[in-house]
1. For the chain, take the longest principal axis of its alpha carbons; what is the angle in degrees between that and the long axis of helix 2-16, to the nearest 10 within 0 to 90?
2. Using the heavy atoms of the protein chains and a 1.4 angstrom probe, tell me the accessible area per residue for the chain in square angstrom.
3. Taking all protein chains in place and a 1.4 Å probe, what share, in percent, of the accessible surface of the chain do carbon and sulfur account for?
4. Angle, helix 21-57 long axis vs. longest principal axis of the chain, Cα atoms, 0 to 90°, nearest 10?
5. Based solely on its DSSP helices, what 222 nm [θ] is calculated for the chain when runs of n ≥ 4 H residues each add -39,500 (n - 2.57) and the sum is averaged over all residues, nearest 500 deg cm²/dmol?
6. For the chain, what is the charge dipole size about the Cα centre, in debye to the nearest 20, if Lys and Arg each add +1 at the Cβ and Asp and Glu each add -1 at the Cβ?
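The values are calculated or read from the model by the stated rules, or taken from the named source; none is laboratory data. Bear in mind that the values here come from a model prediction, so they are computed numbers and not experimental data. Neighbour counts run over all protein chains shown; Cβ positions are idealised from the backbone, glycine included. In case anyone asks, the SASA skips ligands and DNA or RNA and just uses the protein heavy atoms, side chains included. Shrake-Rupley method; radii C 1.70, N 1.55, O 1.52, S 1.80 Å.
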Amino acid sequence: MDALLCFARLARMRRTAGGSLLQSAIWAAQLLARNHAASHRRRALERRASSGRAAIGGQ
């Protein structure tokens, strides 16, 4: 539900900036997809770093 509301807000923001409805929807979807992918990459890096710190601290 939060993602849908975020999508609607982003699309409305783009629409008020002068984009068509279709352009606004595509732009919002691409932005959310990039953010989602970056979040997954960041979590994976943090997980790797924390497991590395745990291995070093455990010795």
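1. With both axes taken from Cα atoms, the answer is about 50 degrees.
2. Details: 4910 Å² over 59 residues.
On a per-residue basis, 83 Å².
3. Details: 3020 of 4910 Å².
Answer for the chain is 61 percent, counting heavy atoms of protein chains only.
4. That helix lies at roughly 10 degrees to the long axis.
5. Values: 2 runs with 52 residues, N = 59.
That calculation yields -31500 deg cm²/dmol at 222 nm.
6. Numbers: 11 positive and 2 negative charges, 22 e Å.
Dipole of the chain, to the nearest 20 debye: 100 debye.
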